[in-house]
1. Does the stretch 171-193 hold any residues that are open to solvent by 40 Å² or more (accessible area, probe 1.4 Å) and in a loop (DSSP other than H, G, I, E, B), and which are they?
2. Does Ala97 qualify as being outside any strand (DSSP E or B), under 22 Å from Asp263 (Cα atoms) and modelled with pLDDT of 95 or more?
3. Under 9 Å by Cβ, and 6 or more places apart or on different chains, what pairs join a residue from the stretch 164-180 that is among the small types (Gly, Ala, Ser) with one that is assigned to a strand (DSSP E or B) and loosely packed, with under 12 Cβ neighbours inside 10 Å?
4. Residues to consider are Gln68, Gln84, Gln129; find the one that is open to solvent by 70 Å² or more (accessible area, probe 1.4 Å), modelled with pLDDT under 95 and either among the polar types (S, T, N, Q) or part of a strand (DSSP E or B) (or both).
5. Taking the stretch 129-159, which residues are more than 27 Å from Leu203 (Cβ to Cβ) and either among the small types (Gly, Ala, Ser) or free of Cβ contacts under 8 Å to residues at least 40 places away in the same chain (or both)?
6. If Thr140 meets every condition in (1) within 18 Å of Gly80 (Cα to Cα); (2) open to solvent by less than 20 Å² (accessible area, probe 1.4 Å) apart from one, which number is that one?
7. Go through the stretch 151-174 and count every residue that is of a type in the set (Val, Ile, Thr) and closer than 20 Å to Gly95 by Cα.
8. Please go through the stretch 222-232 and pick out each residue that is closer than 17 Å to Leu73 by Cβ, among the hydrophobic types (A, V, I, L, M, F, W, C) and not in a loop (DSSP other than H, G, I, E, B).
Amino acid sequence: MRRTRLLLFVLLALLVSVAGVVVLRDPQSVAGIPVAGSSAAPTTTTTPPVTSTTTPVPSPTTTTAKPQVGAPLAGRIKPGEPRQGVATFYDSDGGGACSYDPGPDPLTAAMNEADYEGSAACGAHVLVQAGGKSITVRITNLCPAPCRPGQLDLSAEAFAMLAAPVKGEIPISWTLVSPETAKKISIRYKTGSSQYWCGIQVLDHRNPVARLEVQAGGQWRQLKRFEYNYFLSENGAGCGGSVAVTDVHGERLVVNALPVKPDAVQPTNVQFTRAGQ
């Protein structure tokens, strides 16, 4: 009996010893759990939050501050800079190279190629003076060679208000002006426009348009202007998005997104401020 008890006691001691080894070794076999009594602090990795920066979508109508003085927005026709030249005339219906629709306003003019500047002059209003008389005309067309720099080819009605048509050509001076108007700016998408390609035209603007941007992917993207007075997005970026229009004085107007409706004149509720006011 004593021998049996002794054997049981020895077996019990062996079992306790083995269990202790297992308990001590288990923590080391689990990845990421430090061993008890270790002086090394646990390593903690915190992933920083992902941040993104985008241009906020503007309200339907906003005006931003004017750019720095001297920004090259005006091109050849600069506000407040009188120009000298000659005036001729032709039978104008208000249409022409600027891609405007013919209209009832008889006081229009075609700009010489140098000052037309790839359609930058389209929609500009200029005060024309000759022989003590003056009229204001809107640029709707291009006058190619032999028209010279400074020359305006007036509508027949406009020329007759300055001189007798039999004169054919008269010396003039002219200056860019910012007229009174009750009209608001309109936007038109070109024939064939879609979400994949579009041309955008600005209509009835008081001051000449210097820049047009579209919003695409949270960013503003400036479009290239073509000689027929449309700004093109040839890869479809921004077609149907918000549009920002900037005049030669630096005033920037934002129009909320309009549907891509080719050939449709879509009105807005914005207009450039009269220069000097």
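The values are calculated or read from the model by the stated rules, or taken from the named source; none is laboratory data. Given the structure is predicted, the values throughout are model-derived calculations rather than measurements. Reconstructed Cβ throughout: ideal geometry from the backbone, glycine too, with neighbour counts over all protein chains shown. Surface areas here come from the heavy atoms of the whole protein model, side chains and all, with no ligands, DNA or RNA. Shrake-Rupley method; radii C 1.70, N 1.55, O 1.52, S 1.80 Å.
1. Correct list: Glu180, Thr181, Ala182, Lys183, Lys184, Lys190, Thr191, Gly192.
2. So Ala97 passes the test.
3. So the pair list comes out as Ser173/Gln84.
4. Being open to solvent by 70 Å² or more (accessible area, probe 1.4 Å), modelled with pLDDT under 95 and either among the polar types (S, T, N, Q) or part of a strand (DSSP E or B) (or both) holds for just one of Gln68, Gln84, Gln129, which is Gln68.
5. Ala130, Gly131, Gly132, Lys133, Ala145, Pro146, listed by residue number.
6. (1)
7. 0
8. Phe231
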